[in-house]
1. I need every pair where a residue in region 187-209 that is in contact (Cβ under 8 Å) with a residue 40 or more places away in the chain has its Cβ under 7 Å from the Cβ of a residue that is among the acidic types (Asp, Glu), sequence separation at least 6 or different chains.
2. Pairs needed: first member in region 218-240, in a helix (DSSP H, G or I); second member anywhere, surrounded by 13 or more Cβ atoms within 10 Å (Cβ to Cβ) and among the hydroxyl-bearing types (Ser, Thr, Tyr); C-beta distance under 7 Å; at least 6 residues apart or different chains.
3. If we scan region 73-85, do we find a residue that is within 26 Å of Ala175 (Cα to Cα), free of Cβ contacts under 8 Å to residues at least 24 places away in the same chain and either touching a His at 6+ places or on another chain (Cβ under 7 Å) or not polar (S, T, N, Q) (or both)?
4. Among the numbered criteria (1) modelled with pLDDT under 80; (2) closer than 14 Å to Ala243 by Cβ; (3) not basic (Lys, Arg), which single criterion is violated by Gly101?
5. Which pairs turn up if I take residues in region 58-69 that are free of Cβ contacts under 8 Å to residues at least 40 places away in the same chain and look for partners that are crowded, with 20+ Cβ neighbours inside 10 Å with beta carbon separation below 7 Å, at least 6 apart in sequence or on another chain?
6. Checking the condition farther than 30 Å from Leu247 by Cβ and of a type in the set (Val, Ile, Thr), which residue from Thr199, Thr164 passes?
7. Among the listed residues Leu89, Leu105, identify the single one that is touching an Asp or Glu at 6+ places or on another chain (Cβ under 9 Å), farther than 25 Å from Leu233 by Cβ and part of a helix (DSSP H, G or I).
8. Taking region 146-169 only, how many residues are in a helix (DSSP H, G or I) and surrounded by fewer than 20 Cβ atoms within 10 Å (Cβ to Cβ)?
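The values are calculated or read from the model by the stated rules, or taken from the named source; none is laboratory data. Since we're looking at a predicted model, the values are computed, not measured. Quick reminder, even Gly has a Cβ in these numbers, built from the backbone with ideal geometry, and neighbours come from all protein chains shown.
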Amino acid sequence: MSTVRVILGKEWASSLLTPRGLLLLAIQVVTMSVLAIVSLSLPDLSLMGQAGLLKLLFQVAVALAVALATLAASLTVAGERDQATLESLLLAPISGTRLLGAKWLAAAGAGAVHLLLSLPYLIVMGAGTGLALWRVPAGLGLALLLMAGYTGVAVAASTISGRTFSALVSTLVVAAVLEAPGFAAGALPKGALQKWLATISPGDQVMTLAGNLLAGKGLSGLGTSWLTVAIFLAAVYLAVRYAAAHLELMGGDAQ
């Protein structure tokens with residue numbers, strides 16, 4: 001168990017305290033600062049009302065945090081191989097499943113920090129809407145489901161692809177395939193096809209759940225959204241388990 005903690009700490013530090021990690025955190029903060037200023041100063045955006053601006057800023061904050069954390073996660077195993085440190089890691093007394101689990105947890109945790117950095121902007125934006133402010137962090141809590149899913153995809157792709165560039169491309173392709181139906185649904189008129197396309201997009205469904213909270217509504221009656229997210233996370237878990245088996249075949253010590 002101590003080996004897991006060591007790997008978790010190493011990955012956490014690598015995700016947040018290295019120049020690359022600090023740069024990604026800075027991108028999150030600077031982008032949110034600029035968007036907050038612009039959203040309140042441009043007349044066209046001001047016409048949306050504060051509730052509309054809160055929803056828009058929330059969506060951007062989540063999308064950016066997930067993208068940055070997924071980018072970093074896609075380098076976890078492939079980066080070790082590029083730096084010639086993977087072989088020594090595979091000799092550690094830990095199974096491939098626990099090794100990738102630690103990397104996945106660290107990547108999702110780093111993503112949670114990105115979301116946390118967005119929280120003050122969202123609370124300030126929501127202060128004048130009459131919305132109970134607990135709903136904002138609760139919405140970000142739901143966004144962690146999407147964060148966990150895509151960082152898991154990135155860790156699995158990083159393990160199976162083997163090289164940094166291949167891992168990045170594989171992760172982007174998977175994300176595009178999963179989220180394309182949601183974008184297509186937004187461009188279609190309301191109907192059965194539009195509803196079905198939106199239903200199979202995990203990002204769209206997480207935003208639906210969080211959007212209900214930000215609109216002052218509850219989460220009941222959204223069984224389809226919960227089912228889509230559950231299937232997505234289950235599929236990601238299986239992908240990580242498959243990647244762990246692949247890693248063990250490369251020399252990991254199966255426990």
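1. Sorted first by the residue in region 187-209, then by its partner, the pairs are Gly203/Glu179.
2. Thr224/Thr199; Ser225/Thr208; Thr228/Thr199
3. There is at least one residue in region 73-85 that is within 26 Å of Ala175 (Cα to Cα), free of Cβ contacts under 8 Å to residues at least 24 places away in the same chain and either touching a His at 6+ places or on another chain (Cβ under 7 Å) or not polar (S, T, N, Q) (or both).
4. Of everything listed in (1) modelled with pLDDT under 80; (2) closer than 14 Å to Ala243 by Cβ; (3) not basic (Lys, Arg), Gly101 misses just condition (1).
5. Pairs found: Val60/Leu35.
6. Just a single option satisfies the conditions, and that option is Thr199.
7. On the way: Leu105 fails: farther than 25 Å from Leu233 by Cβ.
On inspection, the qualifying residue turns out to be Leu89.
8. If we filter region 146-169 for residues that are in a helix (DSSP H, G or I), which is where we start, we get 146-161, 164-169.
Of the ones still in play, those that are also surrounded by fewer than 20 Cβ atoms within 10 Å (Cβ to Cβ) are 160, 164-166, 168-169.
Looking only at that region, the number is 6.
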